[in-house]
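Undergrad: Sharing a structure with you now.
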Amino acid sequence: MTGFWATVSALVWKDIRAELRTKDVVISVLTFALLSLVIFNFALRPSPQVIPIVAPGVLWVAFTFAGVLGLTRTFVLEKDRGNLEGLLLTPTSREAIYVGKMLGSLVFMLVAEVVVLPLFAVLFNLSPFRPGLLLVMLLTTIGFTAVGTLFSAIAINTRSREIMLPMLLLPLVVPVIIAAVVASGTALEGGSWSEMAKWLQLIAVFDVLALVFSAFAFEQVLQE
Amino acid sequence: MSTNTMVRNGLLVLSGAMMLLSLYLIFRWVPTEKNLGVSQRIFYFHVPLAWAGFLAFFFVMVGSVGYLWKRTDGWDHMAYSAVEIGVLFTTLMLITGILWAKPVWEVWWTWDPRLTTSLILWLIYVAYLMLRAYSPRGEQGARYAAVLGIAGFFDVPIVYLSIHWWRTVHPEAVVGPAATSNLYSAMFITLMISVVTFTLLFICLLLERLSLRRSEHELEAARDLVETLR
Amino acid sequence: MVEADGNASLAIAVRGLTKTYGAQVILRDLDLRVAWGDFLTVFGPNGAGKTTLMKVLATLSRPTKGEVRVAGFDLSKNPAAIRRNIGVVTHQPLLYGDLTAFENLSFQGRMFGLEQLEERIERTAGLMGIGRYLGHKVDTLSHGMQKRVSLARAILHDPPVLLLDEPETGLDQEALSMLAEVVVSGERGRRTVLMVTHSLERGLALSNRVAILTGGKIAYQEERALVDEAGFKVAYSRFTGVTL
């Protein structure tokens, strides 16, 4: 098992190292999420009374679409120079490659989300720094990147990969998105943990299932 | 005539006859429902279509698991063929649902758990077809599709659960279909016969599609052979 | 020496290898045996299946049928052991452009779980003549220099078997002569090399055995010493129908 985590940490270290130099993924996710917030504001023109109702939805639509963008980006970087092949030539288990890539994407998405959050607060006049919301963000992003990493490895090998990833990913993550929106709404209104419990459980169960299935399926996807 | 062809022709005749019987029962025999009126008769198509659609997606899951396990083309052919038919049935199910909703609930669409889940289900398998179209030919594309075929099937109950909870969180006037448990017996018989008919139709279409797919496969092989010889 | 799970008398042993994509047959019942220490160059026209053969040997592509052993390990049972024992160079550099040469090699080393990594990187970089460039971002290096880094990457874990898929594209003259050095640099003795190419000159210059792959099969194999360039050209056009 030490070999497993050594590989995972090597992969994450490599991704973070490259990202610190280019800031490609985080910046594209960030800009996209921010733009979505602004556009939504024009599209919905929410009055102060409506804001608490629409805000969680707006936030998660922004995160979801920006996340799709980020996931595509991380795999394009692996694929275009044949680096994915390079990874496959190493004697590591495919599960380790999956976990490493997944954790990398998770870190980038969480960083982008944490930066977007205060901007969201300003634009929608909310105070979002509540532990409940942060936990929802963490759990949801785990589930999202767990499935997303698997399907971006698939989408990258298809024609029109940009459209393929959202087509594959979004219907599958509907449960976590719904749960995230509802739980975030509760958190933003200052609701109690017990009100959120059932949704957090749903997301957690989804996360576990998604991780187990994806780690298994990733091997099937990578062979040629 | 091979046994395979005989079986297929037999099924075709049988499901044709059953279809005629169902049509008779639905339009002539079964009494009109008191509250919902004549539009309720679409129910005898809507429910069997939904059932056959789910059955098809179950076949997809089985075919996908079989393919990843055994890696023989037969499993993949079954999954791919079942998706096509499943998407056809689910599309018809959604259309009949929308048509029925308008006169009964006075809206085309409501985000009720069953409707919404059906829509997501449909989207997942439409994505499957797109994935097949855009994937590399042969084994690689089949593996990708199998992964989705399994993920999609097991995701659907979670989707349903989440939407169900979500609708109960916002208790609006839910205009869902009334419970259909105490169906009048003639209605029940008609429904059951219609379900059997559509199941037969599904199997019939699946066998036809499978044989067609095998021919496509052989043709492709022959074409490649010609290409190599040239 | 090489740990093996069976008969390791040959570096590469392939029997009845068939690879199909859909209905398309790329490799057809191919047999190939490469002895330890040999430098075998496989020539073949485009579409003969050279790259596919390399991918199968490199464990990247699963055979449809047939038995493949590399460095004594069975491909179907122990692909990870094969990966430890092969170094692969392809058309693509397999490097991360945003990382430095050192970071690339260090990443590779960690993926292989290598010990005394820094020392090893220094040594390999010295051998490939890239010592001065270790701190440079790969994207800023010249094409030839990138190729050297990618060769260094391939031999960092000191593999006894090298698989080279047309590595000479982009290798300058100097780096080419290094290839000869790389072959004898193995800590465990002379490395076995399988190279596929369509460049006659370089292929003949480096190898001690030559083979022709056409129609998904090895059609011809001979000791380099027993065939001159003119003779090889005749054989090539006879088997492939293509004149060099």
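Undergrad: With both bridge residues required to lie in the protein assembly as shown, what share of the DSSP beta bridges run antiparallel, to the nearest 5%?
TA: 55 percent
Undergrad: Given points 7 Å out from each Cα along the Cα-Cβ axis, report the B:Met130 to B:Thr199 separation in nanometres with one decimal.
TA: 3.4 nm
Undergrad: Using a probe of 1.4 angstrom, how much of the accessible area of region B:3-229 is carbon and sulfur, in percent?
TA: 71 percent
Undergrad: With a 1.4 Å probe, what is the total accessible area buried between chains B and A, in Å² rounded to the nearest 100?
TA: 2700 Å²
Undergrad: Partner chain Cβ atoms within 10 Å, averaged over the residues of B:68-77 - can you pull that number for me?
TA: Whole-number average of other-chain Cβ neighbours for B:68-77 is 1.
Undergrad: Suppose each label sits 7 Å from its Cα in the direction of the beta carbon; what would the A:Trp193-A:Leu134 distance come out to in nanometres?
TA: 1.4 nm
Undergrad: Another question, if that's okay. Taking the Cβ-Cβ separation of C:Arg33 and B:Ile95 as r and a Förster radius of 60 Å, what is the calculated FRET efficiency to the nearest 0.05?
TA: My answer for the efficiency is 0.45.
Undergrad: Please report, in Å, the Rg and the Dmax of region A:2-223, where both are computed over Cα atoms only.
TA: Looking at region A:2-223, its Cα Rg and Dmax stand at 17.6, 58 Å.
Undergrad: Please report the net charge: other residues with Cβ closer than 14 Å to the Cβ of A:Ala146, K and R +1, D and E -1.
TA: -2
Undergrad: Set the Förster radius R0 to 35 Å, insert the Cβ-Cβ distance between C:Lys137 and C:Arg62 as r into 1/(1 + (r/R0)^6), and round the FRET efficiency to 0.05.
TA: 0.50
Undergrad: Another one. Which positions within region A:1-33 get 50 Å² or more of their accessible surface covered by the other protein chains, compared to the chain by itself, with a 1.4 angstrom probe?
TA: In region A:1-33, residues shielded by partner chains: A:Ala10, A:Trp13, A:Lys14, A:Arg21.
Undergrad: Based only on the alpha carbon positions, what is the Kirkwood hydrodynamic radius of chain B, in angstrom?
TA: 19.6 Å
Undergrad: For the protein assembly as shown, what is the charge dipole size about the Cα centre, in debye to the nearest 20, if Lys and Arg each add +1 at the Cβ and Asp and Glu each add -1 at the Cβ?
TA: Here the protein assembly as shown has a charge dipole of around 860 debye.
Undergrad: Averaged per residue, what accessible surface does the protein assembly as shown expose to a 1.4 Å probe, in Å²?
TA: The answer is 43 Å² per residue.
Undergrad: How big is the protein assembly as shown in terms of Cα radius of gyration and Dmax, in angstroms?
TA: 30.0, 96
Undergrad: Please compute the average number of Cβ atoms from other chains found within 10 Å of each residue's Cβ in peptide A:77-86.
TA: Partner-chain Cβ atoms within 10 Å, mean over residues of A:77-86: 5.
Undergrad: A further question follows. Counting pairs of alpha carbon atoms under 8 Å apart in space and at least six apart in sequence, what relative contact order in percent does chain C give?
TA: 26 percent
Undergrad: Here's a follow-up. Per-residue Cβ counts within 10 Å, from other chains only, averaged over B:157-166: what number is that?
TA: 5
Undergrad: At a threshold of 8 angstrom on Cα-Cα distance, excluding pairs fewer than six apart, so keeping six or more, what relative contact order does region B:3-229 reach in percent?
TA: 32 percent
Undergrad: Now for a different question. Roughly how large, in nm² to one decimal, is the mean projection of the convex hull of the alpha-carbon atoms in chain C?
TA: Averaged projected hull area, Cα only: 13.1 nm².
Undergrad: Continuing with the same structure: Could you report the buried accessible area between C and A, both sides summed, computed with a 1.4 Å probe and given in Å² to the nearest 100?
TA: Interface area, both chains combined: 2800 Å², rounded to the nearest 100.
Undergrad: Could you check how much of the accessible area of region A:2-223 is carbon and sulfur, as a whole percent, using a 1.4 Å probe?
TA: Result for region A:2-223: 72 percent of the exposed heavy-atom area is carbon or sulfur.
Undergrad: Which one of C:Thr52, B:Leu49, C:Ile218 has its Cα pushed farthest toward the positive end of the charge dipole of the protein assembly as shown, where Lys and Arg give +1 and Asp and Glu give -1 at the Cβ?
TA: Farthest towards the positive end: B:Leu49.
Undergrad: Sticking with this structure for a sec: At 1.4 Å probe size, with the rest of the protein present, what percent of the exposed accessible area of chain C is carbon and sulfur atoms?
TA: 48 percent
The values are calculated or read from the model by the stated rules, or taken from the named source; none is laboratory data. Not measured: the values here are computed from a predicted model. Cβ atoms come from the backbone with ideal geometry, glycine included; neighbour counts cover every protein chain shown. Each accessible area value is taken on the protein alone, full model and side chains, heavy atoms only, with ligands, DNA and RNA left out. Shrake-Rupley method; radii C 1.70, N 1.55, O 1.52, S 1.80 Å.
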